[in-house]
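The values are calculated or read from the model by the stated rules, or taken from the named source; none is laboratory data. The structure presented is a predicted model; accordingly, all values stated were derived computationally and were not measured. Quick reminder, even Gly has a Cβ in these numbers, built from the backbone with ideal geometry, and neighbours come from all protein chains shown.
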Amino acid sequence: MHLVAIGGSDAGISAALRARELDPGAEVSVVVADAFPNFSICGIPYYVSGEVQDWRSLAHRTRAELEATGMTLLLDTLATEVDVGGRELLVRSAAGREERLPFDALVVGTGAVPVRPPIAGLESLGPEDGVHLLHSMGDTFELMRSLAKGPRRALIVGAGYIGLEMAEGLSARGIEVVQLEQLGEVLPTVDPELGALVHAELESHGVTVRCGTTVRAVRRAGTGAPSPLQVDGECAGEPVSYAADVVLVVVGARPDSALAAAAGATLGTRGAIAVDRLMRTNLPAVFAAGDCATTYHRLLGDSYLPLGTTAHKQGRVAAENALGGTREFAGSLGTQVVKVFDLVAARTGLRDHEARAAGFEPLTVASEADDHKAYYPASRKISLRVTGERGSGRLLGLQLVGHRETAVAKRVDVAAAALFHEMSVEGLSDLDLSYTPPLGSPWDAVQSATQAWSRARRAPRQG
């Protein structure tokens, strides 16, 4: 048995590790386009900030540790073509040497690539000019070279997860940060009311935030300008312009599905490789996992959710089935969390408009609760928004924002577990959760929020 995995990040490496666990006699090869297998892309902002001092620490496992499992790593090697009928993968090394790898099963884990928005100048300016996209270790080293020049001001286009983390990371280096977001509020994966809390946190730490701003062009500034770059756009119909020494464009990612599509793979949501719950594509003996593939969402069905946690799970499932198993991917709920300075925002499941679009009749109720008993020192408020189905009472989603010491991440995990098991909102209130005054209350903050939802559900409907 020869299993070949394409991609050295979460899905590809997880597939290779699982295959070696299940069948120590299987030959497992991993084709990696760069020299950095099993590196945590999610950790890049913390290397930029200086909190992680050695970039090598971002490796989940070293090359030696991976190879000790019995897998073969083909580093700096690009997969160029999948010969489905011949069951061969064509690859090309950085030196230009081409070779054909036979396979009995193939796991495609090519991941995602950064979205390049239609900004004039983005194609002609690059890292040597101080203009960066950020998605790989190579991108990271190029950004660090720009930062080594001592820039005074950085401009970030985009205020999603990576954009927010990078705003914090660059601020930690003493760089003035301007953050531009096209939508009406930062962190658009949560409701605007919660995004506004994150917005305020950014500004309280010196970040200049401008929402509702569309960037039209990035260009070199004229001779004698205080900064080498100029970013032009518009806000509320009026032209705006910002000077910057470094520009970072982080507006999302799209699936890197071109290799599989060229081999005849069917594409699904957002151009991702269509897979079933066994991670099978429509091509024989070809599986796909991670950010290049569609995701089974437990409330929505087929979707696209490029998350590291999902990629790890899908890679394991793909490998198990490539070896002849019949394990299904249990599904995702889009559970996410982000730290922005001293604030943490998290979500799981569906927001109100997402639930409505999926055919539910949602009710979303906002509330606040203490993270622990108010009489114990340093109690802090958590802002929560519970979404449930009005008729059945089924829990559909939870969003929450609180100080980094309010255990937001673990509280959203409680809701994610409840969603996974299709519990009702009131059922979540019945859970037997821990309590001690320094850490919680007899009714946890999440349970207080579900009780507020239940009261709103029983109240007479307005209009």
Could you identify the single residue in 402, 397 that is within 20 Å of residue 299 (Cβ to Cβ), under 22 Å from the mean Cα position of the chain (by Cα) and at pLDDT 95 or above? 397
Criterion first (crowded, with 23+ Cβ neighbours inside 10 Å, charged (D, E, K, R), farther than 22 Å from residue 116 by Cβ and within 27 Å of the chain's Cα centre (by Cα)) does residue 168 satisfy it? yes
Residue by residue through region 384-401, note down the ones that are buried (at least 21 other Cβ atoms within 10 Å of the Cβ) and hydroxyl-bearing (Ser, Thr, Tyr). 387
Which is free of Cβ contacts under 8 Å to residues at least 40 places away in the same chain and under 21 Å from the mean Cα position of the chain (by Cα), of 176, 203, 181? 181
Between residues in region 59-77 that are on the phi > 0 side of the Ramachandran plot and residues that are surrounded by 15 or more Cβ atoms within 10 Å (Cβ to Cβ) and of a type in the set (Lys, Arg), which pairs lie under 7 Å by C-beta distance while being six or more apart or on different chains? 70/20
Scan region 176-199 residue by residue and report those that are outside any strand (DSSP E or B) and not hydrophobic (A, V, I, L, M, F, W, C). 182, 184, 185, 188, 189, 191, 192, 193, 195, 199
Are any residues in region 374-405 of a type in the set (A, V, I, L, M, F, W, C), under 25 Å from residue 199 (Cβ atoms) and touching a Gly at 6+ places or on another chain (Cβ under 7 Å), and if so, which ones? 382, 398
What single numbered condition from (1) more than 23 Å from the chain's Cα centre (by Cα); (2) free of Cβ contacts under 8 Å to residues at least 60 places away in the same chain; (3) buried (at least 23 other Cβ atoms within 10 Å of the Cβ) fails to hold for residue 218? (2)
Please verify whether residue 193 is free of Cβ contacts under 8 Å to residues at least 40 places away in the same chain and among the charged types (D, E, K, R), treating the condition exactly as stated. no
Quick one: would you say residue 309 is among the β-branched types (Val, Ile, Thr), crowded, with 22+ Cβ neighbours inside 10 Å and within 24 Å of residue 259 (Cα to Cα)? no
Qualifying positions in region 213-252 - within 30 Å of residue 269 (Cβ to Cβ) and modelled with pLDDT under 95: 252
Of the conditions (1) touching a residue at least 24 places away in the same chain (Cβ under 8 Å); (2) surrounded by fewer than 22 Cβ atoms within 10 Å (Cβ to Cβ), the single one that residue 238 does not satisfy is (1)
State whether the residues of region 428-436 include one that is surrounded by fewer than 20 Cβ atoms within 10 Å (Cβ to Cβ) and under 16 Å from residue 381 (Cα atoms). no
Verdict on residue 200 being farther than 30 Å from residue 387 by Cβ and either outside the structural domain of residue 6 (by TED's automatic domain parsing) or not aromatic (Phe, Trp, Tyr) (or both): no
